[in-house]
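Have a look at the structure below before the remarks.
The values are calculated or read from the model by the stated rules, or taken from the named source; none is laboratory data. This one's a predicted model, so the numbers in the text were calculated from it and none came from an experiment. No Cβ is skipped: glycine too gets one built from the backbone with ideal geometry, and neighbour counts run over all protein chains shown.
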Amino acid sequence: MEQTINNRILQSSDDEFIINVGPQHPSTHGVLHLQLRLDGEEIADLKPFLGYIHRGIEKMCESLTYKQFIYLTSRMDYLSAHINNQACCLAIEKSLQVEVPERAKVIRTLMAELTRLASHQLWWGSTGLDMGAVSPFFYAFREREMILEIFEETCGSRLTMNYCVPGGVMNDIHPDFVSKVKKLIQQFKANIHEYDELLTGNPIFQSRTRGVGYLPKEDAISLACSGPVARASGISCDVRKKEPYDAYDRVEFEEIIASEGDCFARYRVRMKEMLESMKIIEQLIDNIPAGDYRAKIKGIIKPPAGEYFQRVETARGELGVFIVSDGSNKPYRVKFRTPNFSNLAALKPMSLGAKIGDLVAIMASLDLIIPDIDR
Amino acid sequence: MMQQNGFEQILKSIFPEITLSKCAQFNAIELKPESIYAGLEKLHQQSDLKFDMLVCLTAVDRVTHIEVLYHLRSTFNGYDLIVKTALVEQPYELQSVVPLWRSAELFEMEIYDMFGISFSGHPDLRRLFMPDDWEGFPLRKSYKTTDVADNYLDSHKLLLNQQE
Amino acid sequence: MNAVKRYFSSIFNAIVALLKGMRLTGSYLLHPSKILTQQYPENRETLYIPERFKGRVYMPHDENNEHNCTACTLCQLACPNGSIQIISKNIELPDGTKKKVLDRWVYNLGSCTLCQLCVDACPSDAIVMDNAFEFSVYNKSKLIFDLNRPGSKLKEKKTEPQV
Amino acid sequence: MITWIGNKLTEIFGTTLAPYVGYVLIGFAIITLVVLMAVISIYLERKIAAFMQMRLGPMRVGKWGTLQAFADVFKLMLKESLTPAQADKQLFNIAPYLVLTVSFLAFAPIAFSPSLQLWDLNIGVLYVTSVSSVGVIGILMAGWASNNKYSLLGAMRSGAQIVSYELSAGIAILTIVMMSGSLSVSGIIQSQADGWWIFKGHIPAIIAFVIFAIASTAELNRAPFDLAEAEQELTAGFHTEYSGMQFAMFFLAEYTNMFIVSMLGTTLFLGGWMPLHIAGWESFNHLMDKIPPFLWFFGKVFISLFMIIWFRWTFPRLRIDQLLKLEWKYLLPIGMVNLVFGAIITWLGWIL
């Protein structure tokens, strides 16, 4: 016990000191606990402590049926709740070998891209907030609110919608869906210049992010980073491109890759990804095929024994759902390979030698969602 | 398919007596726990494969044994490979692969926490999610919990009684 | 000389970029019509709530105080967190046969995650998601409701809606 | 009326005691005025911030939330002031009083109107700058005594920051002092009777004004220079451990300091209580003279306050090394060169 407690504390010399950031701290966006060894303002060592919001979702899944456990995954990365649900549904569909109707595929993809847009907008706002600029947060929420309203109309909830079900989607899209999405895109395009004026072009913001939190490509690979974090370091890793699922094989979009690997590169990758998401939505919104929105599947899902894996691209990176089935109506084992869990590991190599202010910028650029790490 | 054959050949050249199986949609091989590090090192170094990314590391409790799965990916040629190993007798122990992939650090901590597999050579092996003094390893099948729904239902009944 | 030029141009560009940001916030200050905040309790009448909004599970009753629930407990089985408990009773029909009917449809809003799986599972459309959302109470046990109204009974099926 | 109060006091307390009672009353009046202004500026700041962010801001207490700031002060007064067990108790409890006292002291030489000036010190401007820099000692005390690493870091940052920015603020003030040839507040205002320094001081005065604006915002520990309390980094910096009225004192001190800086800036660059005159527009000038000097002064003060608020709600925060870089690489060299130019202009007598 003594030993384990000692393991939990960083050792420091006389002219350094240990500071605990979190679990309650404004910039950790949740209950991340970091222990820093500081040399003045510079970070000499960093150690993350997790588990403050560990709910044992993987264990809970083992006692829930296949239909039931999907709703739990919205509570992992709550900002890409729909994409998490989608990943589970895709894995289950794969196991049952159900063909999802075209309409459902397109609706899911649209929803996933809207989720990504909403998530990135929240990230943009909170990045500004972390840097000390409060106003961007509210400007970001304006467009995000429109997206959430669209969700509310179609799915009934704003964040954890549980809209995906194995075989399709829960209910058909709202009659206003198409017109509202078009209006959203129009307004977003009209307002995107404000994002640039407030943060992107701001010299203070640029000096806070440029060259800060450099993550070389080799490190990003070795740390299994994914999503915008990896793409900003020059790794092509977009699952939507590599293994297109749902309707991603019929849309054209660009995988945004930057090579700088610093916070500003990650910022720019996400900003451009928003535009790419918009492109995907624009391509699909006019071509939602008619037909069923939900394939008929049995009330009790019993996938044949075996292993099933599905990966998707959430707003933060690659989410892998690994289901081991023993043929019963409950999964034998479910493993979620969550993007933030791996991205968190990149925090230490990035922030060694940086200042406390940089740590905040780095965390903002990683866009950590703590429940996704702890699960 | 051509790629598949080539991939199989390269694997065969490294591990002569291995059989290629499938795990989900990926190729999978099974290695002995004793030789897991050496095998993974080969996969990591081999210039044709170069599995430079450990995408995921997880374990499945199969009751008779614990199966550890290494999901490797190569960013050069896009190969995915799952390396399985079965741990039969307690205490479960494996050699840490942190020297090969740094992402293993957190994954191994999680597996240590959830399955009680200790990884020798890990720089900072501690319980990641559970408290230090937690007893048992939650994701093992022998770790009994009340059913989620039952658990809720109990509290529900309790509240119902209060109401009356 | 070049360095001096760069020094001053960096200052100039920085000031221009900062002024752009100030122009943006300043323009919002001068346009109060763009304010998005709503004054919640006052605007209850004008509040927009989409008809699909999931506020709680609700059991519609018709004018004869009849509902559709057959007490099949499919919703109870579908619920991932045990928020539903169906208490049924056996009654004797006039022709002498016994029939299981709904006694209480107990719903725990406190543990409900509004996932809509029960509504999805219901074969007879007895339950729907309702828009109501103001449920704050001081005691958790007050979050448990009986969804079927007192004295309600199963709707007689006049025409079998066989499809 | 003042003589009437004076006579009444002499009647009640006798000749020896009356002046002291008078001083107490004057002090009380000033403190009330200052606190009132601070509270008003808190409300203004919240409203301006809200409007900039497409929000309504406080709306519940009073019409349009006008009484919100008073309600907050009242709430903070009722709250218990906690002292951490491991804190240096004396220092911890003195610090907020010191900070607030210092910011009140700096009001002494400020001229609100030609007749309303507490103390026309002949080195008034020097007095304000020197007294207001004592405040950093209070901040350091608070940070050190809290026995909290966040507080300590915040206090140290604040120390480094204020000491650095004092220099360029001083140099900017010096430019005007040199042009007007006076250190007293009334003297500087009188020298602007024929035009404010920002208009007649050519480019050096304008540059000095910009430098003064930046440096004084930094001295105030306000965004974008609020590193001492950087919320996202140090939770609340030096006042993390303070609660209740002690916290309110830091809060009030921040807003009173905002006032002092705005008043100083107004006095130095914007002509104090002098009305706006444009050469040749006689009727316009006459009309401007009709507005009482008191209103002129506060109008200008609130405009500069608004600028400080506007900065805060637009810009992200700097990092500590960038903050010091801005001071030592940009503001100070420019300020010094500017001072020389200002001296040349003054020497040549080019002032309009």
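A compact table of results
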{"item": "Residue that is farthest from A:Y332 (Cα to Cα) [pool: residues in the stretch B:56-73 that are at the interface with chain A (Cβ under 8 Å from one of its Cβ atoms) and touching a helix residue (DSSP H, G or I) at 6+ places or on another chain (Cβ under 8 Å)]", "result": "B:C56"}
{"item": "Among (1) under 20 Å from the mean Cα position of the chain (by Cα); (2) within 16 Å of A:D292 (Cβ to Cβ); (3) not in a helix (DSSP H, G or I) - the single one A:I173 does not satisfy", "result": "(1)"}
{"item": "Cβ-Cβ under 8 Å pairs, at least 6 apart or on other chains, the stretch D:23-47 side more than 14 Å from D:E254 (Cβ to Cβ), far side of a type in the set (S, T, N, Q)", "result": "D:Y43/D:T66; D:Y43/D:Q68"}
{"item": "Whichever residue in the stretch A:69-123 is more than 14 Å from every other protein chain (Cβ to nearest Cβ) and of a type in the set (K, R) and, among such residues, is nearest to the chain's Cα centre (by Cα)", "result": "A:R116"}
{"item": "Enumeration of residues in the stretch D:180-200 that are closer than 26 Å to D:I162 by Cβ and in contact (Cβ under 8 Å) with a residue 60 or more places away in the chain", "result": "D:L183, D:S184, D:V185, D:I188, D:W197, D:I198"}
{"item": "Tally of residues being out of contact with any strand residue (DSSP E or B) (no Cβ under 8 Å at 6 or more places or on another chain), among the β-branched types (V, I, T) and surrounded by 20 or more Cβ atoms within 10 Å (Cβ to Cβ) across the stretch A:139-190", "result": "6"}
{"item": "Flag if D:Q161 is over 25 Å from D:V99 (Cα atoms) and buried (at least 21 other Cβ atoms within 10 Å of the Cβ)", "result": "no"}
{"item": "Residue within the stretch A:337-356 that is more than 28 Å from the chain's Cα centre (by Cα), at pLDDT 85 or above and not aliphatic (A, V, I, L, M) present", "result": "no"}
{"item": "Count - residues of the stretch D:306-323 that are among the basic types (K, R) and either surrounded by fewer than 22 Cβ atoms within 10 Å (Cβ to Cβ) or at the interface with chain A (Cβ under 7 Å from one of its Cβ atoms) (or both)", "result": "2"}
{"item": "Residue, nearest to A:L366 (Cα to Cα), within the stretch A:197-225, restricted to residues that are in contact (Cβ under 8 Å) with a residue 12 or more places away in the chain and within 11 Å of chain B (Cβ to nearest Cβ)", "result": "A:C225"}
{"item": "Any strands (runs of 3 or more DSSP E) falling wholly within the stretch C:78-154 and containing at least 2 residues that are closer than 17 Å to C:N68 by Cβ and within 14 Å of chain B (Cβ to nearest Cβ)", "result": "C:84-92, C:98-108"}
{"item": "Among residues of the stretch D:88-137, those that are farther than 24 Å from D:V185 by Cα, buried (at least 19 other Cβ atoms within 10 Å of the Cβ) and hydrophobic (A, V, I, L, M, F, W, C), counted", "result": "3"}
{"item": "Of all residues making up the stretch D:224-250, the number that are on the phi > 0 side of the Ramachandran plot and surrounded by fewer than 22 Cβ atoms within 10 Å (Cβ to Cβ)", "result": "2"}
{"item": "Condition check for A:P228: in contact with a helix residue (DSSP H, G or I) (Cβ under 7 Å, 6 or more places away or on another chain), closer than 24 Å to D:R317 by Cβ and away from chain B (no Cβ under 13 Å)", "result": "yes"}
{"item": "Residue match in the stretch D:235-257 (condition: part of a loop (DSSP other than H, G, I, E, B), among the hydrophobic types (A, V, I, L, M, F, W, C) and closer than 17 Å to D:V301 by Cα)", "result": "no"}
{"item": "Search result, residues across the stretch A:39-68 that are facing another protein chain (nearest Cβ under 8 Å) and either free of Cβ contacts under 8 Å to residues at least 12 places away in the same chain or more than 30 Å from A:G327 (Cβ to Cβ) (or both)", "result": "A:E41, A:K47, A:L50, A:G51, A:K59, A:Q68"}
{"item": "Test: D:I334 is in a helix (DSSP H, G or I), more than 14 Å from chain A (Cβ to nearest Cβ) and either basic (K, R) or in contact (Cβ under 8 Å) with a residue 24 or more places away in the chain (or both)", "result": "yes"}
{"item": "Cβ pairs under 6 Å, 6+ apart, first in the stretch D:210-237 and among the basic types (K, R), second outside any loop (DSSP other than H, G, I, E, B) and modelled with pLDDT of 80 or more", "result": "D:R222/D:R312"}
{"item": "Condition met for D:W281 (touching a residue at least 60 places away in the same chain (Cβ under 8 Å) and in the same structural domain as D:S158 (by TED's automatic domain parsing))", "result": "no"}
{"item": "Among (1) within 14 Å of chain B (Cβ to nearest Cβ); (2) surrounded by fewer than 22 Cβ atoms within 10 Å (Cβ to Cβ); (3) among the acidic types (D, E), the one test that A:E260 misses", "result": "(1)"}
{"item": "All positions within the stretch D:197-218 that are among the aromatic types (F, W, Y) and surrounded by fewer than 24 Cβ atoms within 10 Å (Cβ to Cβ)", "result": "D:F199, D:F209"}
{"item": "D:G237 being under 30 Å from A:L32 (Cβ atoms), out of contact with any strand residue (DSSP E or B) (no Cβ under 6 Å at 6 or more places or on another chain) and not charged (D, E, K, R)", "result": "yes"}
{"item": "Checklist (1) in a helix (DSSP H, G or I); (2) more than 14 Å from every other protein chain (Cβ to nearest Cβ) applied to C:C75, failing item", "result": "(2)"}
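For (1) in contact with a Ser or Thr (Cβ under 7 Å, 6 or more places away or on another chain); (2) in contact (Cβ under 8 Å) with a residue 60 or more places away in the chain, each residue gets a yes or a no:
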{"site": "C:T25", "(1), (2)": "yes, no"}
{"site": "C:S33", "(1), (2)": "no, no"}
{"site": "C:E63", "(1), (2)": "no, no"}
{"site": "C:A71", "(1), (2)": "yes, no"}
{"site": "C:L74", "(1), (2)": "no, no"}
{"site": "C:A78", "(1), (2)": "no, no"}
{"site": "C:L114", "(1), (2)": "yes, yes"}
